[in-house]
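Have a look at the structure below, then the notes.
The values are calculated or read from the model by the stated rules, or taken from the named source; none is laboratory data. This one's a predicted model, so the numbers in the text were calculated from it and none came from an experiment. So basically every Cβ, Gly included, is an ideal-geometry build from the backbone, and we count neighbours across all protein chains shown. The accessibility values were calculated without ligands, DNA or RNA, using every heavy atom of the protein model including side chains. Shrake-Rupley method; radii C 1.70, N 1.55, O 1.52, S 1.80 Å.
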Amino acid sequence: MMSNRRDFLKASAALAAAGAISSTCAEGDESPAGGIAYVRKAIPSIPPKAYAGAVYEDSVPDTFDVAERAKLAINGLTGPTDSAADHELYWRVVFSANPPHMYHDWNDWVQIKFMEALPLLRLVTGSKHDDAVDQVWREVTLKSIGPDGLYYMPFNGRPWGRGGDGGAPYFGHPVARANGSLTAADDPTIAQCSHPYMCQRILGALAVHYLHEGNPIWEQAMKRMIDRLLALAIHKEDYCYLPSLSYEPNARYDRNDPRAAMPTGHIVLESNTRLCEGAAHCYRATGYGPAKELAEKIARFTRFHGGCFGPHGEFAASLPGGFHFHCHAIALLSMLEHGLAVGDKDLMEFVRQGFEWARSPVAGSSSLIGFFPERASPTYPSCETCEIADMIALALKLSEGGAGDHYADAERWARNHFAESQLMDTSWIPRHVARFPKSPVPPNATTDQIAQRNLGAFAGWSSASDWLSHGPGIMHCCTGNAARTLYYLWQHILTHQDGRLRINMLLNRASPWADVYSHIPYEGRVDVKIKTACASLSVHVPEWIEPDGSQLVATVDGKPRTFRWKSRYIDLGNVEAGSTIVLKFPIAQRTVKETIGTVGCTLTLKGNTVIAIDPKGTTCPLYERQKYASSQAPMKKVSRFVSDERIAW
Ligand SMILES: [Zn+2]
């Protein structure tokens, strides 16, 4: 999301202005009079499908647990929504104000990211928390698809919809109309507006619904959207692009109009490259050839004509203050999704090189903890969780595609700055709020249970040591992207194919084949309880263990087991149902000095987990993890869910 310091300043000014003119606005959820005027008035019945699976109680080491984090993230997806406006997301959360509040604005449409992530996290957890939201969002999705197949944002019944942070829609570019004319983005006669930016991610949500439910309504919606995007695109030799336009239903535009010229700069990434991801999901779910064509042509446009990446994937097309990290990283991820869908090794290698650039100090990144700055620059102070989510996703998917082994990076980033970026504790918020003078809340805002409703959401402006280094609180693009990355992590912890089980990351996980119990970082120990006999069990060993050495000891049901090394994996051979494998290895503490963002830090690590940082944060200090210095993991009772279905995402 184009959410940055400049936006923050704009938002602050908008809040101040709103306060000056609107000191009487209602608190609590604001209901738009007459309801929201969606582009599609009547939709067919779409009965929901339950998430079926086995539920059981278990006792697990109380260590970083993706499924438990996913349960909390569901609250972060459903909590900051407005029940009086079809559970529309409040995009922006402001903890840095008195009272704290969250407000609707033009950016609310990022809830399409939530719509993709929520069903995925239901599949991980089986959680029914706030599940009335799911059905409302499924219906909103269908109601928002126009007669031409695009996804439309309605402006009537959503008074906050027309303007961004107190101004015109962020894109601001002309809107193409059905009569072939172009009008200004703030034209009050516009009732529905679409943009490729909105379609790309809703394609993902449609694909998830289709894979989960099998209802052809979702398949048809995907195919029609792809067809329409291809029709709107300008096709050149072997590539195509969408110009910098938004669209009313059934819009036409003059392809020779200079305002429909080939885009440059960030709009290449936002209006174009991100489409590769949605189209790849459609292609993988349905085999629809035009979806493959769209992703292929846009990836070529991005790579060879877009000007946003150098020949080796390095970021180009800078904004003032540096490259917008998330825009570039999610563009790499989008191209990778296409590369994986069609087996394009050359494209995967391009993405791998871009990933290597992005994780380097040149970009201002700390590959040690997974801190990636909002602007790719060594002097930028804060990290938006979107970037961590993208980089973990890239690490996992490049590994899946055979473009290197980045599982250790993904695990280390997940354990550290990704885990710390999730809002797990709200006790600091009243102290923080008390620093600010009382002020009126802006229009279209709520002050109702702000902290509780955002528990499980993700940080927008963390420093290495503070959850909120500056800025208002949360921009919910981060929650949508991070929630989806929880699914990627969960999916990649272990993989099972042709009777062979591979454990790629040493994190707790329940599955149909085996349950994994990770004692890291308390103790160098991982237990694996086998549920289904496997022809082989391979385990990715911790990155601090030397290959081919004697530091790692494996037992099966208490008896020593020999194993073979294969790169960073050990192969333990066949394992029987009911057996328990225990892996033990040393785990030591060390200190590292590194400048992260703009702060010189001393980090204490145990294994690959940061257990302390100096200097400490002052608002919501991160890495308060002295408990990890102990050598015995406390056990915790949890409810495990093992879904009957699998969605490869
Ligand atoms: Zn974000």
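Structure above, values below:
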quantity: The lone exception for Ile190 - which of (1) in contact with a helix residue (DSSP H, G or I) (Cβ under 6 Å, 6 or more places away or on another chain); (2) open to solvent by less than 20 Å² (accessible area, probe 1.4 Å) it fails; calculated: (1)
quantity: Cβ pairs under 6 Å, 6+ apart, first in the stretch 495-517 and open to solvent by 40 Å² or more (accessible area, probe 1.4 Å) and of a type outside the set (Lys, Arg), second part of a strand (DSSP E or B) and modelled with pLDDT of 95 or more; calculated: Thr495/Arg502; Pro512/Val642
quantity: Test: His324 is in contact (Cβ under 8 Å) with a residue 40 or more places away in the chain, over 24 Å from Glu374 (Cα atoms) and within 23 Å of the chain's Cα centre (by Cα); calculated: no
quantity: Per-region count, the stretch 38-74, residues polar (S, T, N, Q) and over 30 Å from Arg412 (Cα atoms); calculated: 1
quantity: Some residue of the stretch 476-486 being assigned to a strand (DSSP E or B), within 16 Å of the ligand (Cβ to nearest atom) and touching a Phe, Trp or Tyr at 6+ places or on another chain (Cβ under 6 Å); calculated: no
quantity: Subset tally (residues that are within 16 Å of the ligand (Cβ to nearest atom), open to solvent by 10 Å² or more (accessible area, probe 1.4 Å) and within 15 Å of Ser318 (Cβ to Cβ)) for the stretch 354-386; calculated: 2
quantity: Flag if Leu501 is modelled with pLDDT of 95 or more, more than 16 Å from the ligand (Cβ to nearest atom) and more than 27 Å from Leu605 (Cβ to Cβ); calculated: yes
quantity: Selected residue (criterion: farthest from the ligand (Cβ to nearest atom)) from residues of the stretch 420-472 that are closer than 25 Å to Leu121 by Cα, small (Gly, Ala, Ser) and surrounded by 21 or more Cβ atoms within 10 Å (Cβ to Cβ); calculated: Gly456
quantity: Search result, residues across the stretch 254-273 that are over 18 Å from Leu294 (Cβ atoms), assigned to a loop (DSSP other than H, G, I, E, B) and open to solvent by less than 70 Å² (accessible area, probe 1.4 Å); calculated: Asp257, Ala261, Gly265
quantity: Residue among Phe64, Phe114 that is touching a helix residue (DSSP H, G or I) at 6+ places or on another chain (Cβ under 6 Å) and not in a loop (DSSP other than H, G, I, E, B); calculated: Phe114
